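Here the structure is laid out as structure tokens; the discussion comes afterwards.
What follows draws every value from the coordinates through simple rules; no lab data is involved. As the structure is a computational prediction, the values presented were derived from the model and not from experiment. Every residue, glycine as well, gets a Cβ built from its backbone with ideal geometry; the counts of neighbours run over all protein chains shown.
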Amino acid sequence: MPMNKGQRDLEIHAIEVLEDNIIWIWVCGNKAVVIDPAVTTPVKEWLKIKQLDLIAILQTHHHNDHIGGTNGLLKVWPRAEVIASKDDIDRISFQTTSVKDEDKISLLGRPVEVLEVPGHTSNHLAYYIPALKEGLSTPVLFSGDTLFSAGCGKLFEGTPKDMYLSLKRLSFLPDNTKVYCAHEYTENNLRWAYSLCPNDLAIKKKLDEVLEKRATNQITLPTTIKIEKNINLFLRAESIEHFTELRENKDSWIP
Ligand code: ZN
Ligand code: FE
């Protein structure tokens, strides 16, 4: 039986680009929202084939592998809104909707909450779309380069404390939240986690699952908050000190 449209889960597609970036496209009817377009062409072509109108671009942070395709898309869809951190107006100058922590915007008929999650960069944002009604749809998080499956972003601008608190904050989202990360780093992250915790059954099981998927080039995302609380050592860290050690360990780990 067809469900009421609004009660369905969000329709989200993946486009894999560059080395390991994933551009997520949220589609509703004939409209689309693109998250962190690293490049223009594959997104433009995909939207054209599907005959979709690009209404907005969400930017999590200013790195080129997240904003590099935005201007090219704006040439084709000049009315598309570009949502980005107001504190990054200098680095994401083409933003049209400047947002900050806890702002709520509306996209494709759904409320989108802005979460400031510094660490990877000082103004990194994540975007959270809550469930319409408990049990009727699944909440969604676009986590950019803050939370990866079994990992987290490198600390380019923030302190370990920043990232620790950002991850803590995300860990309080509902367990069933689907997490759409901006990179396919899962295998590498899990190999590292397994090297540190070879007796951890949850990590071992996930690694096996991920290796099987990667053997046929399948994407391992989205993940969920529940899964990450189980397998992500950074989310499991119990103190800033512990988190700092883990981050340093991962940064110097050679696969
Ligand atoms: Zn980045
Ligand atoms: Fe990135």
With no solvent and one equal point scatterer placed on each C-alpha of segment 49-129, evaluate the Debye formula and give log10 I(q)/I(0) for q = 0.18, 0.19, 0.20, 0.24 Å⁻¹, two decimals.
-> -0.73, -0.81, -0.90, -1.22
Pull up the cross-link candidates among the aspartates and glutamates for K75, meaning alpha carbon to alpha carbon under 15 Å and not fewer than 8 places away within one chain.
-> E45, D53
Amide H of C181: which non-local residues (sequence gap of 5 or more, or other chain) have their own amide H closer than 5 Å, using H built in the peptide plane?
-> S143, T223
How big, on average over all directions, is the shadow cast by the Cα convex hull of segment 11-252, in nm²?
-> 12.7 nm²
Fraction of antiparallel bridges per DSSP, segment 82-218 only, in percent to nearest 5 | 65 percent
Here FRET efficiency (C-beta to C-beta, L196 to D9, R₀ 41 Å, nearest 0.05) is 0.75
